[in-house]
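The values are calculated or read from the model by the stated rules, or taken from the named source; none is laboratory data. As the structure is a computational prediction, the values presented were derived from the model and not from experiment. Every residue, glycine among them, receives a Cβ derived from its backbone with ideal geometry; neighbour counts consider all protein chains shown.
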Amino acid sequence: MSEEAATRPGRPVIRIQNAVKRFAGRVVVDIDDLVVGDRPIEGLIGPNGAGKTTLMRMVMHSTSLDQGTITLYPQGQENDRAVVLSDLPTYRMARHGVVKSNQVIMDFEKLTIWDSLLLASAAAKYEHPHRIFDEPAVFAESADEIHMYLKLFGLGDPCGFASSAGDKKLLDIIRCVLLKPRFLLLDEPTAGLPDATTELVMGVVRSLAARGTSVVIVEHDLDVIWNLSDEVHFMAEGKVIMKGTPEEIRAHHTVVEKYLGEGHV
Ligand SMILES: Nc1ncnc2c1ncn2[C@@H]1O[C@H](COP(=O)(O)OP(=O)(O)O)[C@@H](O)[C@H]1O
Ligand SMILES: [Mg+2]
């Protein structure tokens, strides 16, 4: 490797080593060594109960690890900066650019749509101290961005409250984007959304990835995964049992159908 290549900043990656989670004595996640983020968009698939959500929650440290280490390499593993995420509390993740969407949305009922999103924008500015926090300018920049996303997704009155599950889901995705993630974890972001909206969400994810964010996405709708992912990790019973391009994973008909049922490849 040339000296230049060795020092060139790479994509942010997360390495999960020797990570175990048990619930009531039962092992639900047991990962030896897994690196995610080398490719712009990586899919994480597997049957219900495989441990996908738990693994994402372990990365965010919103669930504790029984064992193991999770490390963020903000510029790739070749560069020496490393952040041990499994030593950090959840609220410190965004400061390191690690953001996760939620599979089940419980929020957005106490704040208006506008206030919820403005809060995310302001948080992003505070999380990046190299930016000068100049309130009017930040407000204008954030307001433009918020309006752009509200319009894109056809969300109504920003002074109102999110009512439907679909609107809350979209607001949660917009919140994630406004946080300017370097590493974004999406847990079933398009579940329950109409096809046209799913396309819009995929577009937003693609453009984030194109600008350097590493994205890991869990999704039941495998068309989304096959369409979006540069690489796919297949999880079953707490372990990653296969990894490859969508084409490579789909070529394993028997494994995919055994775990996910017929008609998925
Ligand atoms: N808080 C919890 N308490 C007990 N068991 C849990 C909890 N969260 C998840 N589990 C169990 O862990 C396993 C993995 O769940 P999960 O990570 O949600 O899987 P997936 O997202 O792949 O469907 C399941 O058997 C689930 O019932
Ligand atoms: Mg899940």
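In the range 193-218, how many residues are closer than 24 Å to Glu262 by Cβ and crowded, with 23+ Cβ neighbours inside 10 Å? It would help to see each step written out before you state the result.
Step one: filter the range 193-218 for residues closer than 24 Å to Glu262 by Cβ, giving 195, 198, 217-218.
Applying the additional criterion that residues be crowded, with 23+ Cβ neighbours inside 10 Å yields 217-218.
Number of matching residues: 2.
Every residue, every condition in (1) away from ligand 2 (no atom under 16 Å from the Cβ); (2) without any contact (Cβ under 8 Å) to a residue 60 or more places away in the chain, yes or no:
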| position | (1), (2) |
| --- | --- |
| Arg39 | yes, no |
| Ile45 | no, no |
| Gly49 | no, yes |
| Leu55 | no, no |
| Met60 | no, no |
| Gly68 | yes, yes |
| Leu72 | yes, no |
| Asp80 | yes, yes |
| Asp87 | yes, yes |
Query - Output for the range 82-104, where each listed residue is surrounded by 14 or more Cβ atoms within 10 Å (Cβ to Cβ), closer than 13 Å to Met58 by Cα and aliphatic (A, V, I, L, M) - result: Leu85, Leu88, Met93, Val98, Val99
**Report entry** Meets criteria (of a type in the set (D, E, K, R), within 13 Å of ligand 1 (Cβ to nearest atom) and at pLDDT 95 or above) for Arg15
**Finding:** no
Report task. Starting from the range 132-156, take each residue that is more than 13 Å from Trp114 (Cβ to Cβ) and list its partners that are modelled with pLDDT under 90 and of a type outside the set (S, T, N, Q), counting only C-beta distances under 6 angstrom and pairs at least six apart or across chains. Result -> Phe133/Lys125; Val138/Lys125
